[in-house]
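Beneath this line is the structure, given in structure tokens, with notes to follow.
The values are calculated or read from the model by the stated rules, or taken from the named source; none is laboratory data. These numbers come from a predicted model, not from an experiment. Every residue, glycine as well, gets a Cβ built from its backbone with ideal geometry; the counts of neighbours run over all protein chains shown.
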Amino acid sequence: MKIFLLVFLLFCSVYAKELILGVVPQQSPLVLHQKWKPLVEELSKMTGLKIVFKTEASIPLFEKALYSGQYDLAYMNPYHFVIANKKLGLQAALRADKMIQGVVVSKNLNRSELFEAQGGRFLFPAPKAFAATLLVKYELKKKYKIDLEQKFKVLYVNSHDSVYKGVARGIGVFGGGIVRTFNNLSDSRAKQSLSIVYRTDTYPSHPIGFHPKVSLEDQKKVQEAFLKIPNNIIEPLNIKKFITTSTSEYDIVKDLALELGIY
Amino acid sequence: MKLSFKYRFILSFVVLEIIFLSMIAILNFNSIEKNYDNFIEYKKESLQALGKELLLTPVSSYDTAMIDNIVHTFLQLENVVSMKVWDSQGVLLSQEIGELQNQHNLLSIENDIVLDNVYLGKFSIWINKDYEEATIQLNKQRTILLIIIEIIISTALSWLIGHRIANNLNKLTKYSEQLCTNLNLPLPQISGDKELIVLSDTLNQMREKLLQEKHDVERYTRIIDQDVIVAKSDLDGNITYVSQAFCRISGYTKEELLGKNLNILRHPDIPKTLYEDMWNIIKAGKVWSGEIENRSKDQSSYWIQATVFPWFDSQNNKIGYMSVSHDITNKKHIEKISITDGLTHIYNRRHFDTMFPKVINSSKRNNDLVSFLLMDIDHFKQYNDTYGHQMGDEVLIKVAACIRDSFLRADDYCFRLGGEEFGVLFKSDTKEKALQFANTIRRNIEHLHIKHSGNSASKYVTVSMGLFCEYANEIESTQHIYKLADDLLYISKENGRNQVNA
């Protein structure tokens, strides 16, 4: 009897093998949950594994959970990935089939004034926002030797919209953002008063990485499932399709982190 | 102006209702205004606290998108027209201006955003007081509307109740009015209120009792009408009512009597003084009682024992007189028989015995001269023996008639005192006149020329007389007078008869 129970439990545990998918909280946890739920269910069905969605209330909490290895696989921004790669050996496997590009917007000033101007506020959404903050800071520093922290008073205003609105209302002279959020800005008055004065190069977008503890077999199963996922399920995530990637594709991001002294 | 019960009921109900509701309205209005002031204050404080709390973080981090959201959210609140947020340098971080911003009646609520004594910025919220005041007006209007509805409903209700009660009351009032003329009217159907049913039952009981009593009274009246002689007159004695019995005894019909004066019944034999006495008494409001002889339509007479008294109306005003009488004609007749001599039809000895002291007594008032004449037919025994008793009776009748016919006054009385003995009681001014009167009678008898062969004094029937005259106050007793008169008569006989001795 005991043996039977043991076997049953073992069987159950094998069947119920869980993979925790951590997702960076770019939006409220509730919204994220609603958007990711169909995908997670579909993946579980396709792989026979139990994929569990998980996110955190804030970016710092997410970083903490990520870096302490609480997720079996995670969707995160490229900077988070390189840090997690460094700390845990997280391996990039998939990413959305699109590139990230940072922009600098201004109300009255032009591109040349970005390089010459001195003083005033430079608005960013958050210190570790990958494209809007890190890419802009990195490229200006790397390509034009401009240290924004020194030339401007850098202000983190919590969201992309706040960056654009803040610049439009004269709170800051420049602001860092990305093309998509700028285009989507609902405040048309602010949008019309602003212009993009600088665009960064394009970089690979948010990767999905596996923790090394996940077996290669499972990794492969999940990766294949992601590649085969129907479009309508990932549409709410603003992703057309997933493509394979590798950790080496994010070497440039590691370089960025090194350059900005945050690696 | 006298209102009917129904309208007074409704009016008082509605007036009370209006007073009551006005008080409620005043209290309500006060409460609404006070609530309004409280509400504005509360709203101001709430908006200040809420704005500060929500804006603290986004203003400190210049999170304009968040500030925009907050401002937008504030504008969703009732009556918030506009909102602006500034940073510490006065840079406008966010604003949303509503359509009503140009209105005058806006309440501006301002508050600084301060964290640990560091001034981060400020915000202003404008709320629409008009709206609030309009709400007050709306509340007041609703209150007034409710009051009006309440008044209409209560008026209708009181109308219904009043109408129901008044309807029954009207029925009862009309019924009782009709009862005055017709007690046989059946009670109308009264339904509903207990008091009214009790009232109508009581009314019905009263009606039945009255009806019974009316029947009794009618029966008694009929009996009285038939058997009691009743007449009513006005103050002047004009007849206003007579009973059937009255008509029967008087021989007149009711129609003949009504409106006529009572004096058409007067009998000439009754002295005027009696009527004068009667009128004096009843005019003084007292009751007169006495026997009267009346004359009926066929001129025959009848006697009544009458009681006459004044008659008053319900306000105690004297409106006339009433007489209640009974027929004593028979009694009077028997009385007459008992004092009359059957043969001669003059008064008998019994009446003499009654009358003699009465006459003396009544004469004492004026100390009149009372005369008693005693007479005897001379040799009447021989007359009977000679002519027979039948002729003797004839003589007695003729002598009696002669004496009576000789009288000059109403209060002269003659009596047959014994077989052939007659007595006369009369008054005269002097003794001489009395003697003269006695001689007149004596002569009148002799002049009857009734043959009497056995008479020693004349060939005709004559009388011997004894006359005694005395002033009333001097008279000792009737017996004494009688004795003296008898003695005088004896002297007349001794002296040869057919003479008077006084």
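Can you tell me which residue within the range B:174-217, out of those that are out of contact with any Phe, Trp or Tyr (no Cβ under 9 Å at 6 or more places or on another chain), assigned to a helix (DSSP H, G or I) and of a type in the set (Ser, Thr, Tyr), is surrounded by the most Cβ atoms within 10 Å (Cβ to Cβ)?
Filtering the range B:174-217 for residues that are out of contact with any Phe, Trp or Tyr (no Cβ under 9 Å at 6 or more places or on another chain), assigned to a helix (DSSP H, G or I) and of a type in the set (Ser, Thr, Tyr), the one surrounded by the most Cβ atoms within 10 Å (Cβ to Cβ) comes out as B:175.
Check off (1) among the polar types (S, T, N, Q); (2) under 23 Å from residue B:343 (Cα atoms); (3) touching a Ser or Thr at 6+ places or on another chain (Cβ under 8 Å) for residue B:492 and give me the number that stays unchecked.
Going through the list (1) among the polar types (S, T, N, Q); (2) under 23 Å from residue B:343 (Cα atoms); (3) touching a Ser or Thr at 6+ places or on another chain (Cβ under 8 Å), residue B:492 breaks only (2).
Name, by its number, the condition in (1) modelled with pLDDT under 85; (2) surrounded by 14 or more Cβ atoms within 10 Å (Cβ to Cβ) that does not hold for residue B:231.
Every condition holds for residue B:231 apart from (1).
Kindly provide the set of residues from the range A:148-176 that are more than 25 Å from residue B:90 (Cβ to Cβ) and without any contact (Cβ under 8 Å) to a residue 24 or more places away in the chain, ordered by number.
Result: A:149, A:150.
Output the number of residues of the range A:23-80 satisfying the condition of being of a type in the set (A, V, I, L, M) and over 19 Å from residue A:127 (Cβ atoms).
Of the residues in that region, 13 qualify.
Under 6 Å by Cβ, and 6 or more places apart or on different chains, what pairs join a residue from the range B:475-496 that is in contact (Cβ under 8 Å) with a residue 60 or more places away in the chain with one that is in a helix (DSSP H, G or I)?
B:475/B:360; B:478/B:356; B:478/B:357
What's the total number of residues in the range A:177-204 that are within 14 Å of chain B (Cβ to nearest Cβ) and in contact (Cβ under 8 Å) with a residue 60 or more places away in the chain?
Looking only at that region, the number is 4.
Yes or no, residue by residue, for (1) within 14 Å of another protein chain (Cβ to nearest Cβ); (2) part of a loop (DSSP other than H, G, I, E, B); (3) surrounded by 16 or more Cβ atoms within 10 Å (Cβ to Cβ); (4) in contact with a strand residue (DSSP E or B) (Cβ under 6 Å, 6 or more places away or on another chain):
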| residue | (1), (2), (3), (4) |
| --- | --- |
| B:86 | yes, no, yes, yes |
| B:93 | yes, no, yes, yes |
| B:104 | no, yes, no, no |
| B:120 | yes, no, yes, yes |
| B:124 | no, no, no, yes |
| B:134 | no, no, no, no |
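Hey, among B:410, B:457, which residue is loosely packed, with under 15 Cβ neighbours inside 10 Å and either of a type in the set (A, V, I, L, M) or touching an Asp or Glu at 6+ places or on another chain (Cβ under 6 Å) (or both)?
Going through B:410, B:457 in turn, the sole match is B:410.
Sort out which residues of the range B:352-383 are of a type in the set (D, E, K, R) and either touching a strand residue (DSSP E or B) at 6+ places or on another chain (Cβ under 7 Å) or outside any loop (DSSP other than H, G, I, E, B) (or both), and write them in order of number.
B:353, B:358, B:364, B:368, B:376, B:378, B:381
Yes or no, residue by residue, for (1) charged (D, E, K, R); (2) in contact with a strand residue (DSSP E or B) (Cβ under 9 Å, 6 or more places away or on another chain):
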| residue | (1), (2) |
| --- | --- |
| A:67 | no, no |
| A:72 | yes, yes |
| A:81 | no, yes |
| A:87 | yes, no |
| A:99 | no, yes |
| A:118 | no, no |
| A:126 | no, yes |
| A:140 | no, yes |
| A:154 | no, yes |
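Got a number for residues in the range B:413-446 being within 60 Å of the chain's Cα centre (by Cα) and among the hydroxyl-bearing types (Ser, Thr, Tyr)?
Looking only at that region, the number is 2.
Can you find a residue in the range A:171-187 that is farther than 20 Å from residue A:259 by Cα, assigned to a strand (DSSP E or B) and over 17 Å from the mean Cα position of the chain (by Cα)?
yes
Could you list, in sequence order, all residues of the range B:45-68 that are among the charged types (D, E, K, R), in contact (Cβ under 8 Å) with a residue 24 or more places away in the chain and either more than 8 Å from chain A (Cβ to nearest Cβ) or at positive phi (or both)?
B:52
May I ask you to list the residues in the range B:23-44 that are closer than 20 Å to residue B:154 by Cα and free of Cβ contacts under 8 Å to residues at least 40 places away in the same chain?
Residues satisfying the conditions are B:23, B:26.
Quick one: in the range A:116-170, which of the residues that are within 11 Å of chain B (Cβ to nearest Cβ), assigned to a helix (DSSP H, G or I) and aliphatic (A, V, I, L, M) is farthest from residue A:100 (Cα to Cα)?
A:168
On the given criteria, is residue B:158 in a helix (DSSP H, G or I), surrounded by 15 or more Cβ atoms within 10 Å (Cβ to Cβ) and either touching an Asp or Glu at 6+ places or on another chain (Cβ under 6 Å) or without any contact (Cβ under 8 Å) to a residue 12 or more places away in the chain (or both)?
Considered against the rule, which asks whether it is in a helix (DSSP H, G or I), surrounded by 15 or more Cβ atoms within 10 Å (Cβ to Cβ) and either touching an Asp or Glu at 6+ places or on another chain (Cβ under 6 Å) or without any contact (Cβ under 8 Å) to a residue 12 or more places away in the chain (or both), residue B:158 comes out as no.
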